[in-house]
Amino acid sequence: MIEKRTHVDAETHAIAAGHDLATQAGLAVLEDGGNAVDAGVAAGIALGVLHSDLVNFAGVAPIMIRIAETGEVVTIDGLGVWPRTASVEFFEREFGGAIPTGILRTVVPAAPAAWIKALSTFGTMTLGDVASFAVRYAREGFPVYPLFADFIRTNQDAYRRHAASAEIYLPNGHPPEVGQLFRQSDLAGTVQYMIDQETAAGGDRRAGLKAARDAFYKGDIARTIAAYHTRNHGFLAYEDLASFDVRFETPLTVPFGEIDIYTCGAWCQGISFAETMGMLNRLDIGALEQNSSRYIHTLTEAFKLVFADREAFVADPSFVEVPVDGLLEPAYLAERCRAIDPDKASPEMPKAGAPSGVTAEVGNANQAVATALEQSDGDPHDTGWKDEGTLTDPASADTSYVAVIDRDGNMFSATPSDTSADTVVIPGTGLCPSSRGSQSRGNSRSINSLAPGKRPRLTPNPALAIQNGKPLLAFGTPGGDVQIQAMAQVFLNIFVHGMNVQDAVQAPRFATYSFPSSFAPNAYHANLLTVEDSIPDETAAELLALGHKVERWPDGTWKAGGVLAVHRHPETGRILAGADPRRAGTARGR
């Protein structure tokens, strides 16, 4: 059975974050009078130290914020773009359309800009106020925990490829052991340098934050990163960093009963989560027993349809005309629901649908998906549809999450990410500039092919839920392509099946992999359905009879995600929080 954790029941504020020291940092900021944004940024920056195997300070950090005073929900993409000199033709010519590990998959690091944008626009504190926790954790160290130790041990050969990476992640030449203090002095120095520049700027709070940001994107940090790329044939140049900024993006909204769910847009799989919840709102989920075979079958087939649409239509909307409105139209959602066969699993990923607003370019991409599905063989770099058999997708380990609801009803939801194992540490900085280029395609025929200035289609997708104009839920998870599946299951556990938030996040889980992975090399596992061991054998047998290819996960596996959620009860006003024991996250409140 999965480990049990205590349900947090708070009166004033609550936070859930991917590591307890990050949770403590955010709670300390709340206790010191900071708002949800101050606390969320403190925890998020700390996660770049405490989860530097899975989250990088110089990685990505998509953020959603609900402003109590106005009720407005805003998103910050927190996602970098491909450098100006990168081209899909290079990857087709040199790597057959693959995107290799290492420096070549680097996009402009966005997380520092995202944290500072949130803090400057909606926070009340300085970078020094909120980032001092991260500096201390990096300089003084923190005890190595099991998932951290396991990830580095599993990926030690990758860390050994680069001396600067091995120096940090393989101290004394070996993976760190559980309980050992893990220090990152170079990273502490980098963050402290930004704080020092903030202090030296004088003036008001926003002027100091701008100085800290400039230290990263226009100062010595940028020059160090760019010089390393130049020496080592990378794409990232000083001009890419100096001209970069994160973007405010309009959130998507989809109703679920009386609840409005807010997601990020089509630059990530937030639109896929919106489509998922829009479909589930039209299915009689409440009539099905939670985690029964019919329940699992129905959700799984819905997920497959959504992933088919994601593959066909979803990419950076600055470059691709994504039919956002068409994918979320009630008539289209109903049509996709009717495509679910209640008695038979789709043996592969279904064909994409035909939402309104599909232009010729998007229509051609849709047809390419249909053609690829009909092919039984061929070059996997051309189609990405070769069935890889037994699941092997270690890339979904990366990412963490933080959720906050404060005393005033401000809400914060962020999903920082980027692993250190598939790229390089810039010597002397402790930074691994974002390797999120792994989520682009090196194939010019894909709508998600890379291009200068284009964002990869991101998997991290924080979410918020509002009911009757009041804060209800901030939630999200690590887990790559499992993210929207885990988030949907937890949401249904709370608002359809009546579980408290802690029981909801630790309930047994399942996931399909019947689609091309978002991560290079885009492995595809036709009709594969993974279920945790606590799901009874009888249920698994019934799923097999429905045509699913069922494999078991051990209970509590990190592969099922690590959902964190903060829930404001609509009747009592109490702020409830839960942390998934599948990973290292915790929840706290007062």
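The values are calculated or read from the model by the stated rules, or taken from the named source; none is laboratory data. Keep in mind that this is a model prediction, so the values were computed, not measured. Positions of Cβ are generated from backbone atoms using ideal geometry, with glycine treated the same way; all protein chains shown enter the neighbour counts.
Scanning the range 572-590 for residues that are outside any strand (DSSP E or B) and either surrounded by fewer than 22 Cβ atoms within 10 Å (Cβ to Cβ) or at pLDDT below 95 (or both) yields T572, G573, R574, P581, R590.
Residues in the range 505-548 that are within 18 Å of P342 (Cβ to Cβ), assigned to a strand (DSSP E or B) and not hydrophobic (A, V, I, L, M, F, W, C): T512 only. Counting only helices (runs of 4 or more DSSP H) that sit wholly inside the range 323-419, those with at least 2 residues that are at pLDDT 95 or above are 324-328, 330-338.
When residues of the range 549-571 are filtered for being in contact (Cβ under 8 Å) with a residue 60 or more places away in the chain and either part of a strand (DSSP E or B) or among the hydroxyl-bearing types (S, T, Y) (or both), how many remain? Number satisfying all stated conditions: 6. In the range 56-109, the residue that is nearest to H229 (Cα to Cα) out of those that are outside any strand (DSSP E or B) and of a type in the set (K, R) is R105.
Contact map, the range 273-299: residues that are within 21 Å of A463 (Cβ to Cβ) paired with residues that are of a type in the set (S, T, Y) and surrounded by fewer than 19 Cβ atoms within 10 Å (Cβ to Cβ), Cβ distance under 8 Å, separation 6+ or inter-chain. Pairs shown: A274/T253.
Any residue that is in a loop (DSSP other than H, G, I, E, B), at pLDDT 95 or above and closer than 30 Å to S534 by Cβ - is there at least one of those in the range 258-275? Steps first, answer last, please.
Of all residues in the range 258-275, those in a loop (DSSP other than H, G, I, E, B) come to 258, 264-267, 269.
Those still in the list that are at pLDDT 95 or above too: 258, 264-267, 269.
When the remaining residues are screened for being closer than 30 Å to S534 by Cβ, the result is 269.
Checking the range 258-275: at least one residue is in a loop (DSSP other than H, G, I, E, B), at pLDDT 95 or above and closer than 30 Å to S534 by Cβ.
Determine, yes or no, whether V74 is touching a residue at least 24 places away in the same chain (Cβ under 8 Å) and buried (at least 24 other Cβ atoms within 10 Å of the Cβ). Spelling it out, it is not the case that V74 is touching a residue at least 24 places away in the same chain (Cβ under 8 Å) and buried (at least 24 other Cβ atoms within 10 Å of the Cβ).
If you go through the range 422-445 one residue at a time, how many are within 27 Å of A215 (Cβ to Cβ), out of contact with any Gly (no Cβ under 7 Å at 6 or more places or on another chain) and not in a helix (DSSP H, G or I)?
In the first step, residues of the range 422-445 are kept if they are within 27 Å of A215 (Cβ to Cβ); the result is 422-437.
The next check asks that each one be out of contact with any Gly (no Cβ under 7 Å at 6 or more places or on another chain); those that pass are 422, 425-433, 435, 437.
Subset that is not in a helix (DSSP H, G or I): 422, 425-433, 435.
Residues meeting the conditions: 11.
Does the range 236-248 contain any residue that is crowded, with 23+ Cβ neighbours inside 10 Å, in contact with a Leu (Cβ under 9 Å, 6 or more places away or on another chain), at pLDDT 95 or above and assigned to a loop (DSSP other than H, G, I, E, B)?
Keep residues of the range 236-248 that are crowded, with 23+ Cβ neighbours inside 10 Å, which gives 236, 240-241, 246.
Pick out the ones that are also in contact with a Leu (Cβ under 9 Å, 6 or more places away or on another chain) and you get 246.
Restricting the remaining residues to those that are at pLDDT 95 or above gives 246.
Narrowing further to those that are assigned to a loop (DSSP other than H, G, I, E, B): 246.
Yes: the range 236-248 contains one or more residues that are crowded, with 23+ Cβ neighbours inside 10 Å, in contact with a Leu (Cβ under 9 Å, 6 or more places away or on another chain), at pLDDT 95 or above and assigned to a loop (DSSP other than H, G, I, E, B).
T121 satisfies every condition listed in (1) part of a helix (DSSP H, G or I); (2) of a type in the set (S, T, Y); (3) in contact (Cβ under 8 Å) with a residue 40 or more places away in the chain; (4) surrounded by fewer than 18 Cβ atoms within 10 Å (Cβ to Cβ) except (3).
Does N232 satisfy the criteria of being farther than 25 Å from L327 by Cβ and in contact (Cβ under 8 Å) with a residue 12 or more places away in the chain?
Values: farther than 25 Å from L327 by Cβ: yes; in contact (Cβ under 8 Å) with a residue 12 or more places away in the chain: yes.
Judged against the criteria, N232 is a match.
Could you list, in sequence order, all residues of the range 11-29 that are under 22 Å from the mean Cα position of the chain (by Cα) and under 11 Å from V404 (Cα atoms)? Result: A14, I15, A16, A17, T23, G26. Within the range 470-481, does at least one residue satisfy the condition of being within 27 Å of E532 (Cβ to Cβ), assigned to a helix (DSSP H, G or I) and not β-branched (V, I, T)? Yes; the residues of the range 470-481 include at least one that is within 27 Å of E532 (Cβ to Cβ), assigned to a helix (DSSP H, G or I) and not β-branched (V, I, T). As a summary of the residue check, A331 satisfies the conditions (1) in contact with a Phe, Trp or Tyr (Cβ under 9 Å, 6 or more places away or on another chain); (2) closer than 17 Å to A274 by Cβ; (3) surrounded by fewer than 18 Cβ atoms within 10 Å (Cβ to Cβ) except for the one numbered (1). Determine whether A315 is buried (at least 24 other Cβ atoms within 10 Å of the Cβ), closer than 26 Å to V358 by Cα, without any contact (Cβ under 8 Å) to a residue 40 or more places away in the chain and not basic (K, R). So A315 fails the test. Among the residues making up the range 482-504, those that are outside any loop (DSSP other than H, G, I, E, B) and of a type outside the set (A, V, I, L, M, F, W, C) are Q483, Q485, Q489, N493, Q502, D503. No other residue among A25, A39, A98 is in contact with a Leu (Cβ under 9 Å, 6 or more places away or on another chain) and hydrophobic (A, V, I, L, M, F, W, C) apart from A39. Considering the conditions (1) crowded, with 24+ Cβ neighbours inside 10 Å; (2) over 25 Å from G128 (Cβ atoms), S87 is excluded by exactly one of them, (1).
Working carefully through the options V29, V49, find the one that is assigned to a helix (DSSP H, G or I), buried (at least 24 other Cβ atoms within 10 Å of the Cβ) and in contact with an Asp or Glu (Cβ under 9 Å, 6 or more places away or on another chain). Show your work before the answer.
Details: V49 fails: in contact with an Asp or Glu (Cβ under 9 Å, 6 or more places away or on another chain).
Answer to the check: V29.
Elements of the type helices (runs of 4 or more DSSP H) sitting completely within the range 156-225 and holding at least 1 residues that are over 26 Å from the mean Cα position of the chain (by Cα) and hydroxyl-bearing (S, T, Y): these cover 185-201.
Looking for something assigned to a helix (DSSP H, G or I), touching a Phe, Trp or Tyr at 6+ places or on another chain (Cβ under 9 Å) and buried (at least 24 other Cβ atoms within 10 Å of the Cβ) - is there at least one such residue anywhere in the range 3-16? Break it down stepwise before answering.
At the first step, the residues of the range 3-16 found to be assigned to a helix (DSSP H, G or I) are none.
Within the range 3-16, not a single residue is assigned to a helix (DSSP H, G or I), touching a Phe, Trp or Tyr at 6+ places or on another chain (Cβ under 9 Å) and buried (at least 24 other Cβ atoms within 10 Å of the Cβ).
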